[in-house]
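Working notes, structure below.
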Amino acid sequence: MASPLSLLTSADAVRAAIAECDQLGRDEFLKKYGYKNSRLYPLEYQGNIYDSKAIAGVAYGYEHGTPLKASEFNGGVATVIPALARLGFNVMEANNPSIALVKGTTYFRKDLLAKYGGQLQCGIWTPKEFPVVLLFTGDNGKNYGYRDGWTEDGVFLYTGEGQTGDMTFTNGNLAIREHRNNGKDLLLFEDLGKGKGVRYIGLFECGSWHEKNGYDKKNQKRKLIIFNLIPVETAATDIETQLEAVNTSQSFEDLRAAAYAASKTNKAGSKASETKRSWYERSAKVSNYVLKRSKGICEACDQPAPFMKKNGTPYLEPHHTRRLADNGLDHPIWVGAICPTCHRRIHSGQDGIEWNKQLQTRLKKKEEEIGLLPTE
Ligand SMILES: [Zn+2]
Ligand SMILES: [Zn+2]
């Protein structure tokens, strides 16, 4: 079926839709015509960002009398991008913020909101269209008797959200605890103060969490949730990650059960300092199992590992198929042991997205064939 957008031929109509969006504001414009954000495919025009699908549908109305409904055509690569490109407009496929953002760089919340979506008034954002959770840390917590920050052993203590009463595992707090299950990366930003923007600190994983007594705005005693966050790297910046086999006499079944158990985010003991050690141990359990499962064969291309390491084990790299963090924990179903060529191909190749999807399908099939373990 041909897209109705093949009948969109007027650049003036597109400019008229853009002008109307400028006048109404982005949200109001979307509401008026019944469209959602298209942040994955932003239209850039004179330095501003627009929702490409809504602009195209409304432009159609300027040209032909009646705007298209959102349900009448698909957005994205096959339809809106070529239709607008033909008329000289620039629609991009937006990069996942874990790729696009640069560590140490200062950003402004309103720009992050326009690009990725989020909840402006909150300290924890859960954008719908990208596999990330954005965390903001500032020193405004010090009024409540707590302060976020690094421990001596490199764990970042991040206080959950909630202004009054005991903090609970809802909204942002739930999103942090469940980020692995949901295939989301955690991105931490430091608030530099009013009007000064936020600095991107990097990618994190939630190792565990603990509770602490504190106060709320009204000076009432309450329970705080503190997340123990561990900094992690992506293969895009650090390819030094590799799968390390630990010598163990455990059976395949035991290794597998340990890996499944390790992937959960648990409440930590009294010592936050144990978080990092336990996180490494749990990561090793996932690595151990995934490497064992691969039998030394790349799980993406079925070729043997390209070489043996000095200790005689096959060289393969861990790849997280849903998140960009390449070291750290994940459910074994989402981590593959793959050769360096496949790994580069997924992160840098033209067909990387498809190669990654294919790996996901293979891993799922593999785990199902062995017999999925209950997660609780
Ligand atoms: Zn391979
Ligand atoms: Zn990777």
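Let me confirm something: among LEU157, LEU186, LEU134, which residue is in contact with a Lys or Arg (Cβ under 9 Å, 6 or more places away or on another chain) and either basic (Lys, Arg) or part of a strand (DSSP E or B) (or both)? Let's see the steps before the verdict.
Working: LEU186 fails: in contact with a Lys or Arg (Cβ under 9 Å, 6 or more places away or on another chain); LEU134 fails: in contact with a Lys or Arg (Cβ under 9 Å, 6 or more places away or on another chain).
Step by step, each of LEU157, LEU186, LEU134 is checked, and only LEU157 is in contact with a Lys or Arg (Cβ under 9 Å, 6 or more places away or on another chain) and either basic (Lys, Arg) or part of a strand (DSSP E or B) (or both).
Could you pull out the residue among LEU101, LEU30, LEU113 that is in contact (Cβ under 8 Å) with a residue 40 or more places away in the chain and surrounded by 14 or more Cβ atoms within 10 Å (Cβ to Cβ)? Show your work before the answer.
Values: LEU30 fails: in contact (Cβ under 8 Å) with a residue 40 or more places away in the chain; LEU113 fails: in contact (Cβ under 8 Å) with a residue 40 or more places away in the chain.
Exactly one of LEU101, LEU30, LEU113 is in contact (Cβ under 8 Å) with a residue 40 or more places away in the chain and surrounded by 14 or more Cβ atoms within 10 Å (Cβ to Cβ), namely LEU101.
Report yes if some residue within the range 293-305 is over 22 Å from GLY207 (Cα atoms), within 15 Å of ligand 2 (Cβ to nearest atom) and not in a loop (DSSP other than H, G, I, E, B); otherwise report no. Outline the logic, then answer.
Taking the range 293-305 and keeping what is over 22 Å from GLY207 (Cα atoms), we get 293-305.
Checking which are within 15 Å of ligand 2 (Cβ to nearest atom) leaves us with 294, 298-301.
With not in a loop (DSSP other than H, G, I, E, B) added as a condition, the list becomes 294.
Yes, the range 293-305 has at least one match.
I need a count of the residues in the range 306-342 that are near ligand 2 (Cβ under 9 Å from one of its atoms) and farther than 25 Å from LYS103 by Cα.
Qualifying residue count for the region: 2.
Any residue in the range 63-92 that is closer than 18 Å to LEU40 by Cβ and among the polar types (S, T, N, Q) sitting within a Cβ distance under 8 Å of a residue that is part of a loop (DSSP other than H, G, I, E, B) and modelled with pLDDT of 90 or more? List the pairs, counting only those 6 or more apart or interchain.
Hits for this filter: THR79/PHE73.
Any residue in the range 117-132 that's closer than 15 Å to ALA100 by Cβ: show its pairings with residues that are among the basic types (Lys, Arg) and assigned to a loop (DSSP other than H, G, I, E, B) at Cβ separation under 7 Å, as long as the two are six or more apart or on different chains.
Listed by first residue and then by second, the contacts come to GLY117/ARG39; GLY117/LYS128; GLU129/ARG39; PRO131/LYS184; PRO131/ARG322; PRO131/ARG323; VAL132/LYS184.
Run ILE55 past the list (1) within 28 Å of the chain's Cα centre (by Cα); (2) not in a helix (DSSP H, G or I) and report the number of the one that doesn't hold.
Unmet for ILE55, out of (1) within 28 Å of the chain's Cα centre (by Cα); (2) not in a helix (DSSP H, G or I): (2).
Going through the range 44-62 one residue at a time, which ones are closer than 13 Å to LEU5 by Cβ and buried (at least 18 other Cβ atoms within 10 Å of the Cβ)? Can you show your working first?
Here is the first cut: in the range 44-62, the ones closer than 13 Å to LEU5 by Cβ are 52-61.
Of everything in the range 44-62, those that are closer than 13 Å to LEU5 by Cβ and buried (at least 18 other Cβ atoms within 10 Å of the Cβ) turn out to be SER52, LYS53, ALA54, ILE55, ALA56, GLY57, VAL58, ALA59, TYR60.
Conditions (1) loosely packed, with under 14 Cβ neighbours inside 10 Å; (2) aliphatic (A, V, I, L, M); (3) within 14 Å of ligand 1 (Cβ to nearest atom); (4) free of Cβ contacts under 8 Å to residues at least 60 places away in the same chain, marked per residue:
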residue	(1), (2), (3), (4)
PRO318	no, no, yes, no
ARG322	no, no, no, no
LEU329	no, yes, no, no
PRO332	no, no, no, no
THR341	no, no, yes, yes
LYS366	no, no, no, no
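Could you tell me whether the range 121-128 includes any residue that is surrounded by fewer than 18 Cβ atoms within 10 Å (Cβ to Cβ), assigned by TED's automatic domain parsing to the domain that holds TYR158, touching a Leu at 6+ places or on another chain (Cβ under 9 Å) and under 15 Å from PHE189 (Cα atoms)?
Restricting attention to the range 121-128, the residues satisfying the condition of being surrounded by fewer than 18 Cβ atoms within 10 Å (Cβ to Cβ) are 121-122, 128.
Retained after the next criterion (residues that are assigned by TED's automatic domain parsing to the domain that holds TYR158): 121-122, 128.
The next check asks that each one be touching a Leu at 6+ places or on another chain (Cβ under 9 Å); those that pass are none.
Within the range 121-128 (the criterion being surrounded by fewer than 18 Cβ atoms within 10 Å (Cβ to Cβ), assigned by TED's automatic domain parsing to the domain that holds TYR158, touching a Leu at 6+ places or on another chain (Cβ under 9 Å) and under 15 Å from PHE189 (Cα atoms)), the answer is no, since none of the residues qualifies.
Which residue, of GLY336, GLY371, is within 24 Å of ALA258 (Cβ to Cβ) and surrounded by 18 or more Cβ atoms within 10 Å (Cβ to Cβ)? Lay out the reasoning, then the answer.
Values: GLY371 fails: surrounded by 18 or more Cβ atoms within 10 Å (Cβ to Cβ).
So the residue among GLY336, GLY371 that is within 24 Å of ALA258 (Cβ to Cβ) and surrounded by 18 or more Cβ atoms within 10 Å (Cβ to Cβ) is GLY336.
Just the residues that are surrounded by fewer than 16 Cβ atoms within 10 Å (Cβ to Cβ), part of a loop (DSSP other than H, G, I, E, B) and among the small types (Gly, Ala, Ser), please, taken from the range 76-98.
Initial filter on the range 76-98 (surrounded by fewer than 16 Cβ atoms within 10 Å (Cβ to Cβ)): 76-78, 82, 85-86, 88, 90, 92-93, 95.
With part of a loop (DSSP other than H, G, I, E, B) added as a condition, the list becomes 76-78, 88, 92-93, 95.
Residues satisfying the conditions are GLY76, ALA78, GLY88.
The values are calculated or read from the model by the stated rules, or taken from the named source; none is laboratory data. Keep in mind it's a predicted model, so treat the numbers as computed, not measured. Note that each Cβ is placed from the backbone with ideal geometry, even for glycine, and that neighbours are counted across all protein chains shown.
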